[in-house]
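Scroll down for the structure; my scribbles are underneath it.
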Amino acid sequence: MKPSGRKLIPGGVTERWVYVTLIPTVITVIVACIAVFFAFRRTYYFSAEQSMKFRIATTVDSIPSSGSSYVERYRNMVELVENFSETDRYELMVLRRDGSVLLTSSGFAYPDELYRDDFIAAQSSDSGYGSHIGDSPAGEHIISATQMLGYGFGDAAAVRLVSSLKLIDGRLLRNVGISVLVGLILIALVSLTGSLYIASLKRPIDAIGDTAKLVAAGQFDTRIDNIYSGEFGELCDIVNDMAAELQRTNNLKNDFVSSISHELRTPLTSIKGWSDTISNVSTDDELYQRGLTIISSETERLSGLVEDLLDFSRLESKRKLSNDPVMLDLGAELSDAVLTLEQRAQKLGINVKYSEPDEPVIVDADKNRLRQVFTNVFDNALKYSSRKKTITVRLTTEGDSAVVSVKDRGPGIPADEIPRVTERYYRASNSVYGTGIGLSLVDEIMRSHGGSLRIESELGHGTTVFLTLPLHGKAVPSSEQL
C-alpha cells in the first residue's frame, strides 16, 4: 500500500535531477540568451538611431541657405550632396515631396517604389523627423532617417541618411554568440557536477539496494561496508542492524524447528512401533485393522515431514545435507518408488503408468535422498490428481544425463508462479495443502547431486516434473553445492 498523504515522485535520482535541475537550468540559459540578444539589439539600434538623428541634423544645418531664390539654394544642396565626405558610412539622399529620390551621394538611380517608411514617419511627425530599420531593395539590413526641410529648395522636400547595419549586426551576433557559449559552458558545468553528484548518490544507493536484495533472498549474514557519512551512513547502519536482527530471528526459528523436529522423532517412533506391534495381533475386526493401517501410514507420513523439517533446518542454517552417493541403478530405485506410489494411488482411484527401462541406468546418488525426492514429487502428483486420472512416470537418457519425468493431469500451475514454486515456503495460488518446502528440498537435493529440477505446467492440462541426474562417471558434484 502507498503511504497515505504522501505524493510519490516518479523516476530515479537521475530523472529527478534532470527535471529539477538540468531542465530549469537549460530553460534559464535560453531565456537569458534571448534577453541578452534583445537587450544588445535594443542598445545597438538605439545608439545607431541617435547617431543618425544627430548626423542628419548637422547635415541639414550645413546646407547653405544663402541666395535670393530657391534655384540658388537648390544648387547649394546639389553641391553638398556631390561633395558629401562620409560616403563610407552613410548615403545622403534628397527626396522629392512624394518621397522619391531626387539626389543621392552614391549616384545610383532608385526606383519610384523605394521604401518610404522613414519619410512617411517624418511627414506625420511634429519635428519633421522619422527613422526606420529594415531591409533595402537589395536585401541589405539598413537604418534610414529622414528630416523634412523647412523652407523651399525647389523639388527637394527632405533629406535622408542611410547607413548599413552590417557591422552592428556582426557585433550583435558576436556578443550573443559569446552569451550562448557562456550558457553552454554553464550547462556543461551543471551537467558535469550533476553527474558527479548523482554518481556519489547512486554508489551508496546501489550498495544498500544490493544488500537489501540479498537479505530479502535469505542471506541474512550480508552486511554493507559502511564507508559513508551523514544520512547514508545512518541508513547503512540501519540496514546492517536490520540484517543482524533478521539473522538472529532466523537462527532462533531454525533452532526451534530443529528442536521440535528432534523432539517429535521419539513419540513418532514409539507410535509407529506400537502400531506395528498391535497390527500383528490376530483379530477379525475389519474396522480395527483399518484404523491401525491408517495410524501406521499417517505416522510414516508425519515422520517424513519431520525429516523434511530437519533437512530444511540444515539448509536454512547453511549446513550441507548429509549425502552419501554410491553407484546404483536408477531404474531399480524408481521402480521401487513407483510400486509404493501405485499402492497409494490405487486407494485414491488414480492410475499410474510406468514402464521399467530394458537396460540399467547407472548413476552416482544417495539412495535415501533419491527416495526422498521421489516421495515428494509423487506426493504432489497424487495431491493434485483426481479419481480416474493418470500419473505417467518415465525414465529416459539424454546425452550424459538420466531424466525422470512425472506427469499428472491436475489443474496445473500459473505460468508466472512456476519459477517460484521451488522457493522456500512458497505455495502456489491453487495449492490445496502442504508446507511449501517439499519442492525446495527436491531442488536442493538434485543440485547437490549435480542434477537439476525443471517444471513445465499448463493451466487445466496438468504439470510435468523433470528430474535430471548425470550418468555414472559423467559428472562430479561440486564441493560448493549443498
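Kindly indicate whether residue 205 is closer than 30 Å to residue 242 by Cβ, out of contact with any strand residue (DSSP E or B) (no Cβ under 9 Å at 6 or more places or on another chain) and not assigned by TED's automatic domain parsing to the domain that holds residue 242.
Numbers: closer than 30 Å to residue 242 by Cβ: yes; out of contact with any strand residue (DSSP E or B) (no Cβ under 9 Å at 6 or more places or on another chain): yes; not assigned by TED's automatic domain parsing to the domain that holds residue 242: yes.
When the stated conditions are applied, residue 205 passes them.
Could you figure out which of (1) surrounded by 13 or more Cβ atoms within 10 Å (Cβ to Cβ); (2) over 30 Å from residue 202 (Cα atoms) isn't true of residue 22?
In the conditions (1) surrounded by 13 or more Cβ atoms within 10 Å (Cβ to Cβ); (2) over 30 Å from residue 202 (Cα atoms), residue 22 misses (2) alone.
Within segment 198-221, can one find any residue that is at pLDDT 80 or above, in contact with a helix residue (DSSP H, G or I) (Cβ under 9 Å, 6 or more places away or on another chain) and closer than 30 Å to residue 107 by Cβ?
no
For segment 351-388, which residues satisfy the criterion of being out of contact with any Asp or Glu (no Cβ under 9 Å at 6 or more places or on another chain) and in a loop (DSSP other than H, G, I, E, B)?
Passing the criteria: 355, 356, 357, 358, 359, 386, 387, 388.
Residue by residue through segment 381-404, note down the ones that are surrounded by 21 or more Cβ atoms within 10 Å (Cβ to Cβ) and under 17 Å from residue 338 (Cβ atoms).
First, the residues of segment 381-404 that are surrounded by 21 or more Cβ atoms within 10 Å (Cβ to Cβ): 381, 384-385, 391, 393, 402, 404.
Within segment 381-404, 381, 385, 391, 393, 402, 404 qualify.
State yes or no: is residue 172 within 30 Å of residue 79 (Cα to Cα) and surrounded by 17 or more Cβ atoms within 10 Å (Cβ to Cβ)?
Values: within 30 Å of residue 79 (Cα to Cα): no; surrounded by 17 or more Cβ atoms within 10 Å (Cβ to Cβ): yes.
Judged against the criteria, residue 172 is not a match.
The values are calculated or read from the model by the stated rules, or taken from the named source; none is laboratory data. Quantities reported herein were computed from a predicted structural model and do not represent experimental measurements. Ideal geometry is used to build each Cβ from the backbone, glycine not excepted, and the neighbour counts take in all protein chains shown.
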